[in-house]
Amino acid sequence: MNITGLYTKLYGLICGHHPKQNILHDEWLCLKDTHTNLKEVSPLIGGKTLDVGCGSKPYKDWFSNVTEYIGGDIGDNIFADVAFDEDQAWPFQDREFDTILSFQVFEHVKNLGLAQDEIDRVLKPNGTVVLSIPFCAYEHGAPNDYRRFTREGVKQLFPEYEVVNVKTEGGVGSNVGTLILRWVRISMTRTKALRIAFAILMPFWILFTLVTNVLGFFLDKIDVTQSLYHNVMIILKKPER
């Protein structure tokens, strides 16, 4: 096992794996509110469900009302049930799904118009859409990182749908803390020598992460601006047509 693999394994044992990171993990601060909100809205997620850009399907087991869970993704994703082509219609029938989910994906979709049209096509009338999309985040997944959304911007993705709820996530603490942690990690993993040094310094990194997460958590609590959030979750209902 190489140094990166050993670091990843040990770090996961101490700090947890997605979506069960603990407060020692450098992604805990940016995901804590997303996980809380997902658990709150989980009763709305049910029936035949499509996860668009499913990744490893980290939230599949969170939704007890789902009767069938299908993951779709582009590329060679071994966890996906269906492979998408960004420029082609999805291989599903019209009005096939009761619920459509997409978590941290819309910023990476090159052909956004097609994705919007396909979601509308394959979702049943009165079906539910749950989207989680960043508003303030570092560039990631480059070169396929195209956009960010405000709480008002996400409503325009499906303007004819009923907005059941819009939740902003995080505040100034989450924003600043997450960017600092990302900056350190990206800076310290650019070369093999830096990765080795970073692995050796893991105890100090975890301690630094803990302090940053705690400070970020309490800064979020006192941030009353409601404008420095880092993520948006929206729940939509498709109208009868």
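Remarks
- The order of the peptides 229-238, 32-41 by mean Cβ neighbours within 10 Å, most packed first, is 229-238, 32-41.
- Degrees separating the helix 3-15 axis from the principal Cα axis of the chain, which is the longest one: 80 degrees
- Under 13 Å, Cβ to Cβ, from residue 33 - net charge with Lys/Arg +1 and Asp/Glu -1: -1
- Principal-axis tilt of helix 28-41 within the chain, Cα atoms, nearest 10 degrees: 30 degrees
- Scattering curve values for the chain, log₁₀ I(q)/I(0), Debye with Cα scatterers, q = 0.10, 0.13, 0.17 Å⁻¹: -0.52, -0.86, -1.35
- Calculated FRET value between residue 8 and residue 116, using beta carbons and R₀ = 30 Å, to 0.05: 0.25
- Extended-chain gain in nm, criterion 0.36 nm per residue less alpha-carbon gap, residue 189 and residue 23: 57.6 nm
- Across the range 3-237, the mean sequence separation of Cα contacts (distance under 8 Å, 6 or more residues apart), normalised by length, yields a relative contact order of 23 percent.
- Helical runs assigned H by DSSP (4 residues or longer) give the chain a calculated mean residue ellipticity at 222 nm of -11000 deg cm²/dmol, each run adding -39500 (n - 2.57) before division by the residue total.
- Net charge of Cβ neighbours under 14 Å - reference residue 145; Lys, Arg +1; Asp, Glu -1: +2
- For the chain, the longest principal axis of the Cα atoms and the long axis of helix 202-222 meet at an angle of about 50 degrees.
- Simple label model, 7 Å out from Cα along Cβ direction - residue 227 to residue 150, nm: 0.9 nm
- For residue 184, neighbours were defined as the other residues whose beta-carbon sits under 15 Å from its Cβ, and their charges (Lys and Arg +1, Asp and Glu -1) total +2.
No lab work stands behind these numbers, since they all come straight from the coordinates. All values derive from a computational prediction rather than experimental measurement. We place every Cβ from the backbone using ideal geometry, glycine too, and count neighbours over all the protein chains shown.
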